[in-house]
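Structure first, commentary second.
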Amino acid sequence: MSQFDPTPDTKLLIDGEEYAFTQQRGVVYAEIGKAAKTFRIKNSEGAFFALKVFFPGFRGARLLNNNHKIKQLSQIQGLRIAQRKILAKSKYRQLIEEHGALENSILMPWVEGQAWANFLDSKIAFSREESLQLAKSLATLLANFEGQGIAHCDLSSKNIVFKGKGEDIQFVDIEEIYSDGFVPPSADRMPAGSPGYSPGWIRKYGLWQREADRFAGAILLAEILAWSDGEVRSSSAGETFFYADEVGGTKTSHRFTLIRNRLNALSKKLEKLFVQTWSASKIERCASLASWHHAIQDLDKSSTNLPKPQTSAVSQKPTLQVSPTMIDFGTVDSRKKGQIANAVSILIRNTGHEKVEVKLTRPNWILLSETQISLGPGESQEIQLYLLDNMPTPAKGDYYHFVKGLVIDSNGGNWVLGGKYQIKRGFF
């Protein structure tokens with residue numbers, strides 16, 4: 001059996017405990033990655049776990065060989081999902097005979113939060129202080145990794161998850177992680193990084209060594225440090241800030257210049273580290289992650305002198321609180337016409353001390369329950385968003401990401417909410 005397609009009624013018995021698959025709008029919840037599909041499941045007590053089911057070709061013995069060593073990393077900050085079980089046939093024979101595609105799948109903790117990719121794609125605003133705090137926390141973790149001889153080897157905006165705007169950072173998709181004594185990947189499976197975080201020389205040859213996170217780590221830290229600037233946010237390429245073909249070497253672009261100038265305004269040392277790493281032709285010539293950590297710590301000490309970012313509608317300090325800040329319409333059946341495809345709700349709250357007049361606008365493929373509301377101090381109102389069947393569909397793939405799904409204008413602050421939905425094509 002090459003695929004695992006559970007229904008909402010599917011149950012799994014693992015080590016005497018029953019697990020059920022969670023749903024989102026009637027469909028089994030799953031996230032699709034490069035090598036696997038990860039399902040959110042829960043036990044009889046309601047605790048959430050992740051079940052990572054690998055695609056054919058990614059279920060090799062190396063997962064088993066490194067599993068015990070990966071588990072030993074679970075006490076390191078940021079590696080909670082290293083606490084895991086491999087569903088090997090030798091131990092879970094009955095389960096694998098019933099569901100063959102589960103062989104060598106991984107049961108591990110479910111990490112709550114949002115990936116950095118969500119902020120890039122939806123252009124969610126950060127204050128200068130929030131950008132600095134997140135960069136400081138991430139730099140600390142990455143420098144600690146490198147200092148202990150550990151490298152994630154596939155750092156990207158999708159593989160960093162945190163709560164709020166920087167609390168409890170966790171790394172996911174750690175199967176390619178490097179540490180002394182680990183079984184290395186075969187030459188044809190050498191980690192080559194992710195688009196937007198990997199220059200051509202890494203994509204060509206791959207990289208699996210203790211310094212492997214230097215390039216991607218530098219890009220992530222630079223993105224985060226610059227994110228409080230409105231022009232930087234508006235220039236994001238989507239779930240990555242840079243396009244894949246503009247990263248590294250002697251290439252420069254408008255986005256490169258924006259980031260470089262923003263870092264220069266913060267600290268000449270940060271700009272130097274960024275340019276050094278960007279132009280490197282081998283990983284040893286990239287700035288160490290400890291160097292980034294020290295430079296950001298120094299920036300924190302002089303934070304009172306930080307330059308003010310350019311103002312934009314979404315960067316104004318609002319008296320409105322909006323939740324959630326990203327619109328997720330879930331899975332949409334493109335075969336159904338003449339009806340509402342899906343619906344979600346958002347809550348708008350006035351956290352200020354004066355009455356707020358709010359105007360809501362949207363594209364023609366979203367319908368709103370209200371287009372104008374008034375909120376007194378402390379008042380809130382739920383707004384329904386209906387995805388209509390004339391919504392855009394992606395030319396490739398199943399996911400459609402949008403930047404302006406809802407624009408909120410008011411005398412107390414302005415918000416622009418982006419989001420996504422998944423298109424269900426044909427028959428499953």
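The values are calculated or read from the model by the stated rules, or taken from the named source; none is laboratory data. For clarity, every value in this text was computed on a predicted model and none was experimentally measured. Note that we place each Cβ from the backbone using ideal geometry, even for glycine, and neighbour counts take in every protein chain shown.
If I filter segment 188-208 for residues that are charged (D, E, K, R), in a loop (DSSP other than H, G, I, E, B) and more than 20 Å from the chain's Cα centre (by Cα), do I get at least one hit? Checked against the condition, which is being charged (D, E, K, R), in a loop (DSSP other than H, G, I, E, B) and more than 20 Å from the chain's Cα centre (by Cα), segment 188-208 yields no hits at all. Taken together, R25, R40, R93 contain a single residue that is of a type in the set (K, R) and surrounded by 14 or more Cβ atoms within 10 Å (Cβ to Cβ), which is R40. Within segment 224-251, track down each residue that is β-branched (V, I, T) and either over 13 Å from P199 (Cβ atoms) or buried (at least 16 other Cβ atoms within 10 Å of the Cβ) (or both). Those that are β-branched (V, I, T) and either over 13 Å from P199 (Cβ atoms) or buried (at least 16 other Cβ atoms within 10 Å of the Cβ) (or both): I224, V232, T240, V247. Of everything listed in (1) at negative phi; (2) not assigned by TED's automatic domain parsing to the domain that holds A36, the single unmet condition for K123 is (1). Within segment 159-213, work out how many residues are within 19 Å of Q77 (Cβ to Cβ), modelled with pLDDT of 95 or more and of a type in the set (S, T, Y). So the count comes out to 1.
Within segment 408-427, is there a residue that is modelled with pLDDT of 85 or more and of a type in the set (S, T, Y)? Yes - at least one qualifying residue is present in segment 408-427. Entry remark, segment 160-177: residues being among the charged types (D, E, K, R), closer than 30 Å to Q321 by Cβ and out of contact with any strand residue (DSSP E or B) (no Cβ under 7 Å at 6 or more places or on another chain) number 3 in total.
Look through segment 353-369, keep the residues that are over 31 Å from the mean Cα position of the chain (by Cα) and outside any strand (DSSP E or B), and return whichever of them is nearest to F402 (Cα to Cα). Per the criteria, the residue is K355. Screening I32, I70 for residues that are buried (at least 19 other Cβ atoms within 10 Å of the Cβ), closer than 27 Å to G166 by Cα and of a type in the set (V, I, T) leaves exactly one candidate, I70.
Y29 meets the conditions (1) out of contact with any Ser or Thr (no Cβ under 7 Å at 6 or more places or on another chain); (2) among the hydroxyl-bearing types (S, T, Y); (3) within 23 Å of Y421 (Cβ to Cβ) in every case but one. The failed one is (1). Checking each residue in segment 117-129 for being part of a loop (DSSP other than H, G, I, E, B) and surrounded by fewer than 20 Cβ atoms within 10 Å (Cβ to Cβ) picks out I124, S127. Annotation: of all residues in segment 252-292 being outside any helix (DSSP H, G or I) and in contact with a Lys or Arg (Cβ under 9 Å, 6 or more places away or on another chain), the one that is surrounded by the most Cβ atoms within 10 Å (Cβ to Cβ) is C286.
Go through segment 126-172 residue by residue and tally those that are among the β-branched types (V, I, T) and either within 15 Å of Y197 (Cβ to Cβ) or assigned by TED's automatic domain parsing to the domain that holds S323 (or both). Qualifying residue count, segment 126-172: 2. Where strands (runs of 3 or more DSSP E) fall entirely within segment 1-116, those with at least 1 residues that are hydrophobic (A, V, I, L, M, F, W, C) and more than 19 Å from the chain's Cα centre (by Cα) are at 11-14, 17-21, 36-43, 48-54, 85-87, 105-109. Restricting the first member to segment 173-199 and to residues that are without any contact (Cβ under 8 Å) to a residue 24 or more places away in the chain, and the second to residues that are in a loop (DSSP other than H, G, I, E, B) and surrounded by 20 or more Cβ atoms within 10 Å (Cβ to Cβ), the beta-carbon pairs closer than 8 Å and six or more apart or on different chains are M190/L207; A192/S198; A192/L207.
Pairs please, first residue from segment 142-168 and on the phi > 0 side of the Ramachandran plot, second anywhere and part of a helix (DSSP H, G or I), Cβ atoms under 6 Å, 6+ apart in sequence or on different chains. Here the result reads G166/Q133; G166/L134; G166/S137, each pair linking segment 142-168 to a residue that is part of a helix (DSSP H, G or I). Here S157, S186, S198 are screened, and the one residue that is farther than 29 Å from S323 by Cβ and crowded, with 23+ Cβ neighbours inside 10 Å is S198. Report yes if G26 is modelled with pLDDT under 90 and farther than 26 Å from S186 by Cα, otherwise no. Yes.
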